[in-house]
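Peer 1: Below you'll find the structure I mean.
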Amino acid sequence: MSRGADFEEKLARMYRRLGYRVERTQASNDHGADLLLSKHGRTIAVQAKSYAKPVGNKAVQEAFAAQAYYGTRAAWVITDSTFTAGAIAQAKPCGVRLIDGAELRVLRRKARRRQWLPVLGAFACAALLAYCVLDPQGAAQLASWAQAR
């Protein structure tokens, strides 16, 4: 898998953990979007760029074009690097959101925390069940507590 495809796959997994429905576009002739994210009835065209150097305004143009082509409500450019001054200047009037490497690291941490929530919930249920099974009075106490709420 190429560096770009690997980056896109990592973004797709991260945004799924964050509650988005993710659709990957075709590898070639993608009309400027690598991913389409949907949440709360809002769809976003995403141009993903995994570069060692700052990302230029061509990526902003591609994302803006993808927004029109796919009919999305927003367009984002996401990189693990930074953006050039030209990209930042062009993104603002176009309404394209730029997510750089620093913001991406914050999002990844948030996604990792959300990944553990179902595990913690299952652990809490198992602990509660064990309490009720191992302590017969525990079940009665739990039932009376639940009725009081």
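Peer 1: Go through the range 88-104 and count every residue that is more than 16 Å from residue 64 (Cβ to Cβ) and touching a Leu at 6+ places or on another chain (Cβ under 6 Å).
Peer 2: Step one: list which residues in the range 88-104 are more than 16 Å from residue 64 (Cβ to Cβ), which gives 100-104.
Then drop every residue that is not touching a Leu at 6+ places or on another chain (Cβ under 6 Å), which leaves none.
Of the residues in that region, 0 qualify.
Peer 1: Then there is this: Collect the residues in the range 56-87 that are in contact with a Leu (Cβ under 8 Å, 6 or more places away or on another chain) and not charged (D, E, K, R), keeping them in residue-number order.
Peer 2: Residues of the range 56-87 in contact with a Leu (Cβ under 8 Å, 6 or more places away or on another chain): 60, 70, 72, 76-80, 83, 87.
Those that are in contact with a Leu (Cβ under 8 Å, 6 or more places away or on another chain) and not charged (D, E, K, R): 60, 70, 72, 76, 77, 78, 79, 83, 87.
Peer 1: With the condition kept exactly as written, say whether any residue in the range 26-36 is open to solvent by less than 90 Å² (accessible area, probe 1.4 Å), farther than 19 Å from residue 89 by Cα and in a strand (DSSP E or B).
Peer 2: yes
Peer 1: While we're on this one: What helices (runs of 4 or more DSSP H), lying completely within the range 41-139, carry at least 2 residues that are at pLDDT 95 or above and touching a Lys or Arg at 6+ places or on another chain (Cβ under 7 Å)?
Peer 2: Numbers: elements: 57-70, 85-94, 101-134.
No helices (runs of 4 or more DSSP H) qualify here.
Peer 1: Related question: If residue 11 satisfies every condition in (1) in contact with a strand residue (DSSP E or B) (Cβ under 8 Å, 6 or more places away or on another chain); (2) within 21 Å of residue 112 (Cα to Cα); (3) surrounded by fewer than 16 Cβ atoms within 10 Å (Cβ to Cβ) but one, which is the exception?
Peer 2: Going through the list (1) in contact with a strand residue (DSSP E or B) (Cβ under 8 Å, 6 or more places away or on another chain); (2) within 21 Å of residue 112 (Cα to Cα); (3) surrounded by fewer than 16 Cβ atoms within 10 Å (Cβ to Cβ), residue 11 breaks only (3).
Peer 1: Out of 72, 79, report the one residue that is closer than 25 Å to residue 111 by Cα, surrounded by 18 or more Cβ atoms within 10 Å (Cβ to Cβ), among the polar types (S, T, N, Q) and under 15 Å from the mean Cα position of the chain (by Cα).
Peer 2: Numbers: 72 fails: under 15 Å from the mean Cα position of the chain (by Cα).
Testing whether each residue is closer than 25 Å to residue 111 by Cα, surrounded by 18 or more Cβ atoms within 10 Å (Cβ to Cβ), among the polar types (S, T, N, Q) and under 15 Å from the mean Cα position of the chain (by Cα) leaves just 79.
Peer 1: Still on this structure, please answer the following. I'd like to check something: does the range 7-16 contain any residue that is under 13 Å from the mean Cα position of the chain (by Cα), modelled with pLDDT of 90 or more, hydrophobic (A, V, I, L, M, F, W, C) and not in a helix (DSSP H, G or I)?
Peer 2: In the first step, residues of the range 7-16 are kept if they are under 13 Å from the mean Cα position of the chain (by Cα); the result is 7-16.
Among the residues that remain, those that are also modelled with pLDDT of 90 or more are: 7-16.
Add one more test, that the residue is hydrophobic (A, V, I, L, M, F, W, C), and what stays is 7, 11-12, 14.
With the extra rule that they be not in a helix (DSSP H, G or I), the set shrinks to none.
No; the residues of the range 7-16 include none that is under 13 Å from the mean Cα position of the chain (by Cα), modelled with pLDDT of 90 or more, hydrophobic (A, V, I, L, M, F, W, C) and not in a helix (DSSP H, G or I).
Peer 1: Something else now. Applying the selection to the range 84-93, what residues are surrounded by fewer than 15 Cβ atoms within 10 Å (Cβ to Cβ) and under 23 Å from the mean Cα position of the chain (by Cα)? Spell out how you get there, then give the answer.
Peer 2: Our first condition is that a residue be surrounded by fewer than 15 Cβ atoms within 10 Å (Cβ to Cβ); within the range 84-93, this holds for 85-86, 89, 92-93.
Within the range 84-93, 92 is the sole residue that qualifies.
The values are calculated or read from the model by the stated rules, or taken from the named source; none is laboratory data. Just so we're clear, the structure is a prediction, and the values are computed from it rather than from any experiment. In this analysis, Cβ positions are derived from the backbone assuming ideal geometry, glycine residues included, and neighbour counts consider all displayed protein chains. What goes into the accessible areas is simple: the full protein's heavy atoms, side chains included, and nothing from ligands, DNA or RNA. Shrake-Rupley method; radii C 1.70, N 1.55, O 1.52, S 1.80 Å.
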